[in-house]
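One structure is given below, encoded as structure tokens.
The values are calculated or read from the model by the stated rules, or taken from the named source; none is laboratory data. Keep in mind it's a predicted model, so treat the numbers as computed, not measured. Calculation scope for accessible area: heavy atoms of the full protein, side chains included, ligands and nucleic acids excluded. Shrake-Rupley method; radii C 1.70, N 1.55, O 1.52, S 1.80 Å.
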Amino acid sequence: ALELSHEISVGDVYSIVSKEGRPLMDDVLANPKIVSLDYHGQQVFAFKATFESVTCKQELLQLVNESPVGLLEPHDKDTYNGVKEDIDALAEEGEVYCVANPESKVRVIFPRHRHLELKVDDDIRKLWADNGEKRTGKMSVEDLEREL
């Protein structure tokens, strides 16, 4: 059971101070993930989305296309409700590539630049498929150099 060191009464006013000695309100206002709003004359706080300018699938695609090294899959709280469904739709439409880490299941979204894609001959595809065991990471650098 929780036991208070003194009784708290309605109407009591307390200040909360951070470990550094600053009032908690200063820390809240300085937090980049929190936005302060005026709501009917009262100061209220809300979570600030990481990608607040992204509100739809088309804007999401634009953000991914502006991220040449990929973009960690944003959560609904970082953008808008339904972002995961839009990411899946963009991947199905062939607009982006999604690569998942097999251990953490975290996905990274990469832009698909069709103008950079190359056509690969069927002979090269067959050669790649036939040599699958050699690409499993079990070859040493020396073996790989000898094969090439």
I34 long-range amide H proximity, modeled H, under 5 Å:
K48
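Please calculate how many Å² of accessible area region 42-121 carries per residue, with a 1.4 Å probe and no DNA, RNA or ligand atoms counted.
Per-residue accessible area for region 42-121 comes out at 69 Å².
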If I histogram all Cα-Cα distances within region 57-115 using bins 5 Å wide from 0, what percent of pairs lands in each bin?
4, 20, 32, 28, 12, 3, 0
Report, in whole Å, the centroid distance computed from the Cα atoms of region 28-46 and region 101-116.
35 Å
